[in-house]
Amino acid sequence: MTLPVSVAPAAAFDIADATTAYEATRPGLGREFLHELRRARLQIERFPAGSQQVLPGVRRCLIRRFPFGVFYRAFPDRIEIVAILPTQADPFRLAVRAEAARSQ
């Protein structure tokens, strides 16, 4: 059984921003990024505890072929994606996002 997945507004912005940047780099690359993001989401849905915990309660699933991670929180009844960030992003940025998502 897979759990429902919600995407925080800030994470939706991350997706749009990265997709636009990749598409500007090379036509079709943004679409490839979205395809790999969907694969990562399916992996998260099937195995919510299968990714590395990077902060208390926050896990990171790496996106194949792209230097990005899907950061999410798994609850007993749902999964919440809090950010889609470059793997080299400032850890403080992730901590702020995770805290903001927690308070919503």
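Laboratory data are not the source of any read-out in this text; all were calculated from the coordinates shown. Fair warning: this is a prediction, and the values are worked out from it, not measured in the lab. Heads up, the Cβs are rebuilt from the backbone with ideal geometry, glycines too, and the neighbour counts pull from every protein chain shown.
If a spin label sat at a point 7 angstrom from the Cα of R39 along the line to its beta carbon, the backbone N atoms of the range 1-22 nearer than 20 Å would be those of 15-16, 18-22.
Between helix 29-46 and the chain there is an angle of about 20 degrees, using the helix long axis and the longest principal axis of the Cα atoms. Rounded, prolate or oblate, given the Cα gyration tensor of the range 20-78, with a/c below 1.5 counting as rounded? Note, shape of the range 20-78 comes out prolate.
The label-point distance for E99 and E23, in a model that sets each label 7 Å from Cα toward Cβ, rounds to 3.4 nm. Between R39, R60, R93, the Gaussian network model of the chain with springs among Cα atoms under 10 angstrom shows the greatest mean-square fluctuation at R93. Axis angle, to the nearest 10 degrees, between helix 9-25 and the longest C-alpha principal axis of the chain: 20 degrees. Against the chain, whose longest principal axis is taken from its Cα atoms, helix 91-102 shows a tilt of about 60°.
Taking Q43, Q88, Q52 as the candidate residues, the one with maximal mean-square fluctuation in a Gaussian network model of the chain, Cα springs under 10 Å, is Q88.
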